[in-house]
Amino acid sequence: MECNDLRCPVHGSIKTRGMQMSGRVVSDKAKKTIIVEIDYTRYIYKYERYLRRRSRIPVHKPDCIDIKLGSTVNIAETRRLSKTKSFVVTSVVK
Ligand SMILES: [Zn+2]
């Protein structure tokens, strides 16, 4: 499928570099932006336990990728696309 979105990693002119993650789509209210929630754990040596954290990242959604609420997506870091967005969806896991 083709798209005319300039901010598409496949058909547009943006390059991805830096972090790559996958997370759950928790909001698709905006036209070209989705909110992806990421659960991660970090080991804390002092307490010998894992710290569980959750973060929400605004991610650009290109026109050629169809995304449903609750699905899991792969995202990659790119240049800053707006005040809060610097990630783009690369593929849908399920
Ligand atoms: Zn595209």
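The values are calculated or read from the model by the stated rules, or taken from the named source; none is laboratory data. The structure displayed is predicted, hence computed values, not measured ones. Because the Cβ atoms are built from the backbone with ideal geometry, glycine has one as well, and the counts that use them run over all protein chains shown.
When the residues of the range 1-32 are filtered to those that are within 16 Å of the ligand (Cβ to nearest atom), touching a residue at least 40 places away in the same chain (Cβ under 8 Å) and among the aliphatic types (A, V, I, L, M), the one that is surrounded by the most Cβ atoms within 10 Å (Cβ to Cβ) is Ile14. Any residue in the range 10-18 that is polar (S, T, N, Q), assigned to a strand (DSSP E or B) and at pLDDT 95 or above? Within the range 10-18 (the criterion being polar (S, T, N, Q), assigned to a strand (DSSP E or B) and at pLDDT 95 or above), the answer is no, since none of the residues qualifies. Only one of (1) among the basic types (Lys, Arg); (2) over 18 Å from Thr72 (Cβ atoms); (3) outside any loop (DSSP other than H, G, I, E, B) fails for Arg24. Which number is that? Failed condition: (2). The strands (runs of 3 or more DSSP E) falling completely within the range 33-94 that include 3 or more residues that are within 16 Å of the ligand (Cβ to nearest atom) and under 16 Å from Gly18 (Cα atoms) map to 72-78, 87-92.
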